[in-house]
Amino acid sequence: MQTRLALAYAAGIYAAGVLVLLFVAVPLASVDAATSAGRPSPGAIAEAGPGIGPPRLLTGSAVALALLIPVALTLGWFVSGRFLRPLRAITATAKIISAGDLHRRLDLGEPMDELTELGHTLDDLFARLQASFDAQRHFVANASHELRTPLAGLRTLLEVALADPDADTLRSACQEALALGEHQERLVQALLALATGERGVTRRDALDLAHIVEGVLASRRHQVAEKGVDLTEHLSPAVTAGDPGLIESLVANLIDNAIRHNRPDGHVRVATQSCGTQVALTVANSGPVIPGDQIQRLFQPFQRLAPDRHGHHDGYGLGLAIVNAVAQAHRATLIAGARPEGGLSITVWFASEAHPNHP
């Protein structure tokens with residue numbers, strides 16, 4: 001854009017120079033030519049020098065026009081750069097804000113002009129967006145906290161009722177209510193994890209994805225045995241920087257999703273690796289065949305595949321949404337693909353700890 005503005009300014013300056021020559025130099029040349037062609041007046045005083053004739057005047061004008069070209073371009077580039085400087089500041093700050101730093105502001109300051117007024121308007125807009133996002137996140141977090149308290153109380157009361165040997169008539173109802181309460185508690189925990197992931201990274205520590213995967217897999221051994229799937233792990237050191245709690249949540253949800261949406265004789269493959277300036281976590285699993293056009297939808301909250309033939313849903317549709325939120329918070333690249341034989345293969349690329357700002 002600066003090049004176009006510089007050319008426009010240069011064209012204006014050059015046009016002004018041409019007009020000056022047309023209105024000044026050409027009439028002077030005409031007058032001088034007419035005087036030279038006529039007889040001198042009797043009272044005229046002879047000039048000491050030859051003066052400037054039309055050819056020399058026109059030649060000098062052509063040279064002046066040629067020299068005006070670089071001068072006009074230089075002035076145009078300088079003026080356009082000064083004009084675009086606030087726009088560059090606005091663009092750079094807007095990119096930082098769009099990347100997740102809602103606390104940044106333009107703060108253009110003086111002098112007051114149209115661009116400064118635009119900057120103040122954008123600052124007000126960013127402030128309202130930040131307040132809106134904060135209110136949304138606080139609402140989800142507070143709602144999750146408020147829901148957990150009565151659910152925990154309900155669970156305690158039902159457990160006490162089930163422990164009473166004289167409550168046989170209520171045992172079945174209590175067991176069903178207890179199962180429903182556990183379901184709601186897990187849902188609230190998932191909502192809280194989603195809200196935490198969307199809040200962004202508040203701390204950034206060096207961590208090894210392989211160690212986090214080992215810890216998550218150690219707590220999922222019984223689930224793997226109950227499901228009857230074959231678990232294979234290839235864990236190489238993969239050091240990155242991020243929020244340990246959020247990345248553990250990402251790993252746990254990826255592995256839980258791979259175990260839950262599998263078949264009894266299926267398999268789960270978990271691998272970590274380091275490649276140049278990036279490290280990767282890959283989780284692949286067998287399972288139902290997933291249409292390619294449905295993959296992106298699965299990473300949205302409360303989105304699941306169609307229920308099975310018994311009409312049951314497995315999960316809450318929040319696991320992959322949490323994975324997506326945590327990946328975006330860490331500026332990681334998430335690649336998901338449907339396997340032809342069924343199931344998913346998901347790879348999350350993080351910047352290595354030595355290159356924390358790598359995209």
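The values are calculated or read from the model by the stated rules, or taken from the named source; none is laboratory data. All values derive from a computational prediction rather than experimental measurement. Cβ atoms come from the backbone with ideal geometry, glycine included; neighbour counts cover every protein chain shown. Keep in mind that these areas ignore ligands, DNA and RNA; they rest on the heavy atoms of the full protein, side chains included. Shrake-Rupley method; radii C 1.70, N 1.55, O 1.52, S 1.80 Å.
Say R0 is 56 Å: what FRET efficiency, to the nearest 0.05, do residue 95 and residue 162 get from their beta-carbon distance?
After rounding to 0.05, the efficiency reads 0.45.
Probe 1.4 Å, all protein chains in place: accessible area of residue 345 in Å², nearest 10?
40 Å²
Determine ³J(HN,Hα), in whole Hz, for all residues of the stretch 217-227 in sequence, where each value follows from phi through the Karplus function 6.51 cos²θ - 1.76 cosθ + 1.60 and θ = phi - 60°; x replaces Gly and Pro.
Each residue's phi maps through the Karplus curve to give 5, 4, 8, 10, 4, 5, 5, 5, 5, 5, 6 Hz.
Using a ≥ b ≥ c from the Cα gyration tensor of the stretch 256-297 (square roots of the eigenvalues), is it rounded, prolate or oblate, where a/c under 1.5 gives rounded and otherwise the larger of a/b and b/c decides, a/b for prolate? Could you put the intermediate results ahead of the total?
Values: a/c = 3.21, a/b = 1.53, b/c = 2.10.
Cα axes put the stretch 256-297 in the oblate bin.
Considering amide H positions built from the backbone, and no H for Pro or chain starts, which residues 5 or more places from residue 278, or on another chain, come under 5 Å of its amide H?
352
In nm, to one decimal, how far is the modelled label at residue 136 from the one at residue 75, with both set 7 Å along Cα→Cβ?
Placing both labels 7 Å beyond Cα along the Cβ direction yields 5.1 nm.
Using a 1.4 angstrom probe with every protein chain in place, what is the largest-first accessible-area order of 77, 349?
From most accessible down to least: 77, 349.
List the residues whose amide H sits under 5 Å from the amide H of residue 267, counting only those 5 or more places along or on another chain, with H placed 1.01 Å from N in the peptide plane.
Counting only residues 5 or more places away or on other chains, the set is 230, 286.
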